[in-house]
Amino acid sequence: MSARINPSILSADFVNFERDFNSISNADLIHVDVMDNHFVPNLTFGLPMVARMQQITPKPLDIHLMIESPDRWAPGYAEAGAFSVTFHAEAAESPVKLARTLRSIGARAGLAIKPGTAIDSYLEVLAEFDQILVMTVEPGFGGQSLIEDTLSKVAAVRRKVDAEKLDVWLQVDGGIDETNIERVANLGADTFVAGSAVFKAEDRQAQIDNLRSLAASGIAHRH
Ligand code: DX5
Ligand code: ZN
């Protein structure tokens, strides 16, 4: 299993996306945080911006929708050609139905859960998704510290995915950096969002390589 590093462009320069995308050209996917100022107390951008990003980079986009009513809005991102569309369990009316719709359009379907949301009821429907995103901070802002309590959910999802041999990526998002990525990988994550840890680095590409090799080491040493 390989480790994927998805830089979050929430920490990029919002009027220089093209330049900043070029500065992370060794990333696996580009993590795009869509916020609506309702589901989270912050606002970024919506579909027209994401559709334009799709045109200026060959990288697959990993869309993280922090919005209300994803049942209504998420399919548009899949139709725009996004590689992966992740919506929040807390906001969706019918998560499984929405995942099926996203897949039928041709995108990977992801389910995100906030730090305070239990994973248990979703473990039974993991196969309906291509990715589970365990938020390791409260969604809304970059640069926060990882909440340790969320890591037991990472371990629980990993146990289930391995036991049932599912092809589901396990993503973590929030406070991931070079001090903790190896440990979080060891607990079960394989897909890592990193905003400030990548964008504040002097050499972003070297930092991406560094994070990926630390994560690979954590994966290799799983029991
Ligand atoms: C937070 C976003 C994250 C954010 C992570 O709500 O979902 O993707 O950019 O930023 P860092 O890595 O700085 O915690
Ligand atoms: Zn995110």
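The values are calculated or read from the model by the stated rules, or taken from the named source; none is laboratory data. Only a predicted model underlies this, so the values are computations on that prediction, with no experimental measurement involved. FYI the Cβ positions are ideal-geometry reconstructions off the backbone, even for glycines, and counts take in every protein chain you see. What goes into the accessible areas is simple: the full protein's heavy atoms, side chains included, and nothing from ligands, DNA or RNA. Shrake-Rupley method; radii C 1.70, N 1.55, O 1.52, S 1.80 Å.
Overview of results
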| item | result |
| --- | --- |
| Euclidean distance of C-alpha centroids, region 1-78 and region 156-223, integer Å | 19 |
| Carbon plus sulfur fraction of accessible area for region 26-166, probe 1.4 Å, in percent | 50 |
| Region 4-220 - share of DSSP beta bridges that are antiparallel (%, nearest 5) | 5 |
| Probe 1.4 Å, accessible area per residue of region 71-223, Å² | 44 |
| Cross-link reach list, aspartates and glutamates versus Lys165, counting only Cα pairs under 20 Å and skipping chain neighbours closer than eight places | Asp120, Glu124, Glu128, Asp130, Asp190 |
| Helix-only CD estimate at 222 nm, as mean residue ellipticity for the chain, using -39500 (n - 2.57) per DSSP H run (n ≥ 4) | -10500 deg cm²/dmol |
| Gaussian network model of the chain, springs between alpha carbon atoms under 10 Å - residue of Ala89, Ala194, Ala206 with greatest fluctuation | Ala206 |
| Sequence ranges 69-80, 44-55, ranked by mean other-Cβ count within 10 angstrom, highest first | 69-80, 44-55 |
| Qualifying aspartates and glutamates (Cα of each under 18 Å from Cα of Lys200; at least 8 residues distant if same chain) | Asp13, Glu18, Asp20, Asp33, Asp173, Asp177, Glu178, Asp209 |
| Global geometry of the chain, whether rounded, prolate or oblate, following the gyration tensor of its Cα atoms and the 1.5 cut on a/c | rounded |
| Global form of region 63-164, assessed from the alpha-carbon gyration tensor, a/c cut-off 1.5 | oblate |
| Mean separation of Cα contacts under 8 Å, 6 or more apart, over the residue count of region 4-220: relative contact order % | 19 |
